[in-house]
Structure formats: C-alpha cells, structure tokens
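Bear in mind that the values in this text are calculations on the coordinates, not laboratory data. Quick caveat: nothing in here was measured; it's all calculated off a predicted structure. Methodologically, a virtual Cβ is constructed for each residue, glycine included, from the backbone with ideal geometry; neighbour enumeration extends over all protein chains shown.
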C-alpha cells in the first residue's frame, strides 16, 4: 500500500505513520433471487447486469428447470420496468416468448406495499451469512451465493410469515379510511 502523506503535516517523533485507506472496487453485480417460501426453496443467480434480457433468461430458467410441468406459475414481483411479458419478447423468438408468457400469472406489489418482505428477508439472510465481506470477482460471487442457497434449501429453511389480516387491521389502521358509524 502506498503511503499517503497526511495533510496534517509530517510525522512527529513518537507518532505512528499515518496513511489513508484506499478503497479498491472489485466491480458490481446484480443478484436475482427467487423463493418459494412455503417449501423453503430459493435460488440466487448472479449476473453482470440487470436488464430486461437478464430477467427474461431467469424467468425461462424458472419455468423450464424449476417448474417444467406447471401450467401456471404465480410470480409476485415488484414494479421494475423489466418485470413484464415484454421482456420475454425482447429476449426470445415470439413463439418461445408466447409459450413462456402463457404460463405466468403476474402479481405486482402495490406502490407502497410490502408483499416482497419475504424476499427482503431472504436477501437480508444472504447478506449477513454470505456477502458480509469483499468478494473478488463475479465467478467467486456466483460460487458463494450458490453454496449459500443450496445449504438453505437442504435445510428447508422457510420464512415464517405471521402477519395476519387481524394483525394488519390493528397495526395498519392509520392507513385505512375511517368511517363513522350511523344508525339507520
């Protein structure tokens, strides 16, 4: 590491050498995470980018590898502009895109909703258990995330989502319109 001479002046006798930390970026990556929380399954995929084409390829994997016999797959996702059937048509020939699209049932999260909390819980676990350190390159990141989700899948680690409708009525009452009761 190159020594950086402090703007505070030269080192005085008895003081340790001062130097600034130099952050060296290893690059960026996009992580796609799919989960089926009731059975304790998840898959993480690492890609260089997060484009419509990348997303479409992930969906094809999901439909052809994870759920090859399923007539319909319910997909709960956020409102990112890449998360549409149009992405399938950008990535694949029309016949293949149509075939994939017919098997999807999209449910988009409300604008200020929290339907994706389960995925956020998984991402938090991934971050704490796997990504809390510097990872040198995309290949290593892919290996590390795969080892993480394989281990979690083998242990059938599920998300215990306990937020019931009754809880919502109590905790989120400030979001619900107030109606006055009248005698009729």
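Neighbouring Cβ atoms within 10 Å as the yardstick, rank 76, 39, 159 fewest first.
39, 76, 159
Taking neighbour counts of Cβ atoms within 10 Å as a proxy for exposure, in what order, fewest first, do 84, 35 appear?
So the residues, fewest neighbours to most, are 84, 35.
With labels modelled as points extended 7 Å from the Cα through the Cβ direction, what inter-label distance (nm, one decimal) is found for residue 86 paired with residue 15?
Each label point is offset 7 Å from its Cα along the Cβ direction, giving 5.9 nm.
Nearest 5 percent is fine: what portion of the DSSP beta bridges confined to region 30-175 is antiparallel?
Here the antiparallel bridges make up roughly 60 percent for region 30-175.
Rank the residues 148, 55 as a footprinting-exposure proxy: fewest other Cβ atoms within 10 Å of their Cβ go first.
Ascending number of Cβ neighbours within 10 Å: 148, 55.
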